[in-house]
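Presented below is the structure to which this report refers.
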Amino acid sequence: MRDDQPPVEITVYENGPVIVRGAYKLQDNERKDIDPGRETIALCRCGLSALKPFCDGNHALRGAARSAL
């Protein structure tokens, strides 16, 4: 991370996604970079998203409270 970049901020929402903001690097399980195309992302915790690893709001639509954390 460069000095002029904001620090990475991670917020875990109860019964919701993990929000990541800042100069992060996202990789899959094979350590290949994933380009989300934005500086702020929501990561799925419940496993119901059709856009994994990103949250698509299915936890709210299905009333899920299955978050891993």
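The values are calculated or read from the model by the stated rules, or taken from the named source; none is laboratory data. Since this is a predicted model, take the numbers as computed values, not measurements. Here Cβ is always computed from backbone atoms with ideal geometry, including for glycine, and neighbour counts include all displayed protein chains.
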Filtering the stretch 18-50 down to residues that are of a type in the set (Gly, Ala, Ser), surrounded by 13 or more Cβ atoms within 10 Å (Cβ to Cβ) and within 27 Å of residue 63 (Cβ to Cβ) yields 42, 49
How do the pairs read when you match residues in the stretch 5-17 that are loosely packed, with under 12 Cβ neighbours inside 10 Å with residues anywhere that are basic (Lys, Arg), using Cβ under 6 Å and keeping only pairs 6 or more apart or on different chains?
-> 9/21
Just give me the residues in the stretch 19-48 being touching a Pro at 6+ places or on another chain (Cβ under 7 Å) and assigned to a loop (DSSP other than H, G, I, E, B), in sequence order.
-> 22, 23, 26, 44, 45
Which residues, taken from the stretch 2-54, are of a type in the set (Lys, Arg) and at pLDDT 95 or above?
-> 21, 31, 32
